[in-house]
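Q: This structure is in structure tokens; I'll ask about it shortly.
Laboratory data are not the source of any read-out in this text; all were calculated from the coordinates shown. Bear in mind the structure is a predicted one, so any value in this text is a computation, not a measurement. Every residue, glycine as well, gets a Cβ built from its backbone with ideal geometry; the counts of neighbours run over all protein chains shown.
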Amino acid sequence: MTVSRTTRLTFLVCFVSALYFLTRAGNLGRDLASEEAVFLMPGRFLLEGRGYYFDWGVFDPHSNAFHKPPLTSLLLGLFSFIGHDSVAGARLLPFLVGLGACLMPLVTAESSVPSLLVLMSPFFYGAASHMQTDPTVGLLGYGLACWGIARIPRSNAYAQGLLIVGIVFLWLGKVESAVIMSTVIFVGIIWQPSGNRMSLFKAAALSTAVGVSLLVFVSWILGRTASLPFNESVANVFQTVTRVTTSTLAAHASNANAGIHERALLLRYALDFKVPHLFVLCLVPALVVMARYRHLWSRQRPHAVLLVAAIMPVAAYMAVSYSGDGFPRYFLIAFPPLLMLLGLCLQELSQTWRILASILLLGVGAAMMMPQTLQAIHAPGSPTVFRGEEGTRQSALLIASLTKPGDLVVGPDNAAYYVRDRRWMVDDSFLPYPALHARALAMAPELRAVMFKADQNQGVMGQLIEAIERSGATLYKVGSYEVVVARPH
């Protein structure tokens, strides 16, 4: 009995989805990681009727949230109302986007190998719980646009729809990714046969116009809810990208060693999550097949443009070399086109060679990536930023049980989210800024608790810890943190 393609594809989608849920469902209960609360609060506060901003403690209680386009925060805020745990509800967003990224190459190329490699990857395991721009609207928008590129030879209208939705999502979610995709589309327009260029150009122009217009309008409206003028809402979205990029490039231009160091650090972060391993596993077989079957370079095929879409983000981010917070999430968008390309290339092989290549790829992938992924699944610590860090929620709840509402406490932004009725001196809101150190030390006599990691007990933080210890205090160790609580009055 012959199984139809539709039945086979449906079975594979159900099988991969079941594996995804079984391996990723535990991510929903993980503690907030660094900066995740900053992305969650604006959308949640807006839906609570408080305005679009985030609370960064006593030094910046009404902080400007327009360091990134607003779509990620809006969606996280919306999802946070699902269920009794706002953090678990918000984590559904990267969880579901990760499922989409896992299924996209399967639906596009009808090959399960790319999807199974995603399931083995510790990089994508971490991304399935990370509440940031790249693993959410960045991955979704770039993936949809690349899906449209892959569909162009078969269904131009459907492909254009996917392209438009994907590019609009990118402009509303992450400007850098939108610019990268616009560059890819420009290459795609040049690569297309002359008869297809105008339709693709119109789709790209329409989506860009709609995306930028919506970004400006939505940011302006949201800024008004926080009493921010145009230049502190809409303009700030673009200024942040420009400032970070230009300052980083200027620093590297003035000091070549700094650029080399940052690239080495970014590469080290990528190696920590087996990013190059997954990239090579997908890229090399695809290039071998494309070298063997020269017709895959045809302008009637999407393979060459997908290859550009995969390489462009890696080249851009390595050129800028902004190392970030330790989780190399910037490289996520390189994989939807690369995974689709791998699937399409495997489908070109004869059945025997396809089976052999699949077994080899999955075997090597399992050997290189699965041990780390299984370790992350069973570990209680963070699988992304400050990998292995644990105890954030428990430390915050300990402070809540040993202090009173309104008490002044010190700790990270992710802990502050769990206990909202204390006066938090969020560490990142004053430690990097010498101008605020004197104000922080002046408030030391009021402190009732300090939450810190072992490598933080120096400088201003060390002085705050010493001040609370002199007044009589108890030290607790919770996971990766130490908590010093003053003696009750």
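Q: With a Cα-only, solvent-free Debye model of the range 5-378, what are the log10 I(q)/I(0) values at q = 0.06, 0.11, 0.13, 0.15 Å⁻¹?
A: -0.22, -0.78, -1.10, -1.44
Q: Going by alpha carbons, how many degrees (0 to 90, nearest 10) lie between the helix axis of 5-24 and the longest principal axis of the chain?
A: The two axes meet at around 20 degrees.
Q: As a check on your grasp of the helix formula, calculate [θ] at 222 nm for the chain: sum -39500 (n - 2.57) over DSSP H runs of n ≥ 4, divide by the residue count, round to the nearest 500.
A: Helices in the chain give a 222 nm mean residue ellipticity of -21000 deg cm²/dmol.
Q: If you don't mind, there's one more thing I want to ask. For the chain, give the magnitude of the charge dipole about the Cα centre (Cβ charges: +1 Lys/Arg, -1 Asp/Glu; no others), in debye to the nearest 20.
A: Using Cβ point charges on Lys, Arg, Asp and Glu, the chain gives about 1440 debye.
Q: Additional query: Are there trypsin sites (Lys or Arg not before Pro) in the range 428-489 that DSSP marks as loop and that have at most 14 other Cβ atoms within 10 Å, and which are they?
A: Numbers: sites: Arg439, Arg448, Lys453, Arg470, Lys477; in loops: none.
Here no trypsin sites (Lys or Arg not before Pro) fit, given the DSSP loop and packing criteria.
Q: Once label points are set 7 Å from the Cα along Cα→Cβ at both Gln347 and Ile190, what is their separation, rounded to one decimal in nm?
A: With each label point 7 Å from Cα toward Cβ, the separation is 2.8 nm.
Q: By how many nm would the segment from Asn156 to Gln239 lengthen if fully extended, with 0.36 nm per residue of separation less the alpha-carbon distance?
A: Going from the current span to full extension adds 26.3 nm.
Q: Can you give the angle from 0 to 90° between the axis of helix 230-254 and the longest principal axis of the chain, with both taken from C-alpha atoms, to the nearest 10?
A: 80 degrees
Q: What distance in nm separates the two pseudo spin-label positions at Leu22 and Gln463, each 7 Å out from Cα along the beta-carbon direction?
A: 5.6 nm
Q: Sequence neighbours fewer than 8 away in the same chain don't count; with that in mind, list the aspartates and glutamates whose C-alpha is under 12 Å from Lys174.
A: Partners found: Asp134.
Q: So in the chain, what percent of DSSP beta bridges are antiparallel if you round to the nearest 5?
A: Beta bridges within the chain, antiparallel portion: roughly 65 percent.
Q: Moving on. Please list, short to long, the whole-number percent of alpha-carbon pairs of the range 131-186 in consecutive 10 angstrom bins beginning at zero.
A: P(r) for the range 131-186, in whole percents per bin: 30, 53, 16, 1.
Q: Along the three principal axes, how long is the range 392-486 when you take its alpha carbons, biggest first, rounded to the nearest angstrom?
A: 31, 26, 26
Q: Hey, what angle do you get for helix 194-225 against the long axis of the chain, alpha-carbon based, 0 to 90 degrees rounded to 10?
A: It is inclined by approximately 10 degrees.
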